[in-house]
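Please read the structure below before turning to the comments.
The values are calculated or read from the model by the stated rules, or taken from the named source; none is laboratory data. Note that this is a predicted model, so its numbers are computed, not measured. So basically every Cβ, Gly included, is an ideal-geometry build from the backbone, and we count neighbours across all protein chains shown. When the accessible area is computed, the model is the full protein with side chains, heavy atoms only, and any ligands, DNA or RNA have been set aside. Shrake-Rupley method; radii C 1.70, N 1.55, O 1.52, S 1.80 Å.
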Amino acid sequence: MDSNNEMDMTVPPDKEMSFLESVNLTFDMALTTLDIPEGMGQYIKNVNNVYQVRFPVKINGVVETFIGWRAVHSDHRLPAKGGIRFSQMVNQDEVEALAALMSYKCALVDIPFGGSKGGLLIDPKQYERESMEKITRRFAFELIQKDYIGSGINVPAPDMGTGQREMSWIASTYMAHRPNDINHLACVTGKPVSAGGIQGRVEATGRGVVFGIREFFRYPEDVKLAKMEGNSIEGKEVIIQGLGNVGYYTAKILDEEDGAKITGILEWDGAVYDKNGLNVEEVFQYKIENGGGIKGYPKGKFTENSAELLEEECDILIPAAIEGVINQSNAGRIRAKLIAEAANGPVTFKAETILNEMGVVIIPDVYLNAGGVTVSYFEWIKNLSHIRFGRMNKRYEENQNNLLIKAIEQSGTKVPQELIAQIGQGPAEIDLVRSGLDDTMRIAFQGIRERFWSNEKVGSYRIAAMAISIEKIYNSYRLMGIYP
Ligand code: NAD
């Protein structure tokens, strides 16, 4: 099932590709499995437009200049959607790669958006809250001015280094500049619930990762491919890199709801390992209280060189921090059976070639972390419809269910109390969001595995996912009348 080797001949053996090159090469490989005209393939692959901006902000009496980007990879569907990243490492190449991944991700999970991404070159840890607000608002203003934010054109969301707080500032800046836009709240997603957000968005990417892994374990053929047995996550040893938004919820849900053993947690300042399992909540609280790091965590074995723990034996390795952490320099030493890509681009193209040969199965980013944009889509719909999910039907369904219970009991069957408590409730917003997310992740994985197992030219889940995405984007363009 390894079709990487042939393509790989074009890449010098010692050269690690950039993130964008990796994404594009995966695209090219997927394209060879499809019957799509070359010219259209090239058009779909490349980023449509990128806006680079420099702007000044006065911080503690001194003017500092910041640089940021917003890339639109594809606008075959509008709005274009994608997070904004605040990081010291961000650059145009990275933003373009992430924007491309957003197009493929949305297409894959049937979210009717184009792909976009933004980045601001900054180390958020170096600035006070008040300065961060000034910088974020100014960056948002620059994007609004050039029509790179708006509910029908381009809708940002959180990514590394940003969260509800920044999204709230962006929404409020947009409102100030576009006071007549009745859909102003839909200009950005990932907002706090009290500011137009949706229940379940904060946990969405992590929960989506878990839904994806659960779906994988429902197929014995696939589990066997990863040299594991059984149909359950329970007892599986999991190592996770990055205990931020995505990593924390992924680890917490796997630990508390699925009975996995989180044996390793890696952060920027070191890693902790305990073969018997770590308490995720405890490590997370320690991290909050210790300036965002886990150095000095008193339980388990601490390793200063965090990345070393990527090579520890485990069933599932979940990179949930930054890209390129599994590359050709360490891929050969990976001892995980399954790599679940919660982060974007954590495994380089070269590393994947090595891992494929070793029989390590990878559930790719383009699918696995799509939970964030899925629930962002729900939030956007909520904002456009100006009503919270469940408001019209919760009590109605509750009453109908209670009537049903009464009818069953009147016919002589006693319904157990715990079932009454469960059946007798109508769906709240969080129930509907989780249900929609679960359904999205299940259906998308089924499509990927079907493509993987049915077409021998498709050598990995990643190529299968990419091929499905390209096909869908191509069909959108065809329906618009753009075809050779
Ligand atoms: P975050 O900033 O909340 O968390 C990142 C975590 O990784 C932090 O705890 C940070 O300290 C840690 N980290 C940074 N460098 C590290 C290193 N070298 N080694 C170990 N840990 C390190 O970011 P996030 O939102 O959780 O995003 C993580 C990844 O998930 C990114 O690749 C992002 O693009 C992707 N993603 C995020 C979302 C979302 O909704 N937030 C959605 C889809 C994909």
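Across segment 276-290, rounded Karplus estimates of 3J(HN,Hα) from the backbone phi angles (6.51 cos²θ - 1.76 cosθ + 1.60, θ = phi - 60°) give 7, x, 9, 8, 4, 4, 5, 5, 5, 5, 4, 4, 5, 6, 10 Hz, Gly and Pro being marked x. Among the GluC sites (Glu not before Pro) within segment 312-386, not one is in coil by DSSP while having at most 12 neighbouring Cβ atoms inside 10 Å. Inverting the pair-averaged 1/r between distinct Cα atoms of segment 72-206 gives 14.9 Å as its Kirkwood hydrodynamic radius. Contact order for the chain, expressed relative to its length and based on alpha carbon pairs under 8 Å spaced 6+ residues apart, stands at 17 percent. For the chain, the mean residue ellipticity at 222 nm estimated from helices alone is -14000 deg cm²/dmol, where every DSSP H run of n ≥ 4 contributes -39500 (n - 2.57) and the total is divided by all residues, rounded to the nearest 500.
The relative contact order of segment 60-173, computed from alpha carbon pairs under 8 Å that lie at least 6 residues apart in sequence, is 34 percent. The listed residues ARG478, ARG85, once ranked by accessible area (1.4 Å probe) with the largest placed first, stand as ARG478, ARG85.
Solvent-accessible area of segment 147-193 (1.4 angstrom probe, protein heavy atoms only): carbon and sulfur portion equals 55 percent.
Each residue was assigned an accessible area with a 1.4 Å probe, and for THR205 the value is about 20 Å². Between segment 402-466 and segment 159-178, the alpha-carbon centres lie 33 Å apart. Taking N as the residue count of the chain, its C-alpha radius of gyration divided by 2.2 N^0.38 Å amounts to 0.99. Couplings 3J(HN,Hα) of segment 198-209, computed from phi: 10, 4, x, 6, 4, 8, 4, 5, x, 5, x, 4 Hz, in residue order, whole Hz [Karplus 6.51 cos²θ - 1.76 cosθ + 1.60, θ = phi - 60°; x for Gly and Pro]. Partner lysines whose Cα lies under 30 Å from the Cα of LYS146, excluding those fewer than 8 positions away in the same chain, are identified as LYS45, LYS58, LYS81, LYS105, LYS117, LYS125, LYS134, LYS191, LYS382, LYS472. The figure for TYR396 is an accessible area of roughly 140 square angstrom, using a 1.4 Å probe on the protein chains alone. Between the residues MET160, THR374, GLN88, the greatest Cα displacement towards the positive end of the dipole of the chain, with unit charges on the Cβ of Lys, Arg, Asp and Glu, is found for THR374. Between amide H atoms placed 1.01 Å from N, distances below 5 Å from PHE66 occur with PHE55, VAL57, all of them 5 or more places distant or on a separate chain. Looking at segment 211-317, the accessible area is 44 square angstrom per residue; that uses a 1.4 Å probe and ignores ligands, DNA and RNA. Within the same chain, lysines fewer than 8 places from LYS299 are excluded, and of the rest, those with a Cα less than 22 Å from its Cα are LYS236, LYS252, LYS261, LYS275, LYS287.
Taking TRP268, TRP69 and ordering them by how much accessible surface each has at a 1.4 Å probe, largest first, produces TRP268, TRP69.
To the nearest 10, the accessible area of LEU419 is 70 Å² with a 1.4 Å probe. Applying both filters, DSSP loop and at most 11 other Cβ atoms within 10 Å, to the trypsin sites (Lys or Arg not before Pro) of segment 411-453 gives LYS414.
Relative contact order (percent) for segment 268-401, with alpha-carbon contacts under 8 angstrom and 6 or more residues of separation? Relative contact order here is 17 percent.
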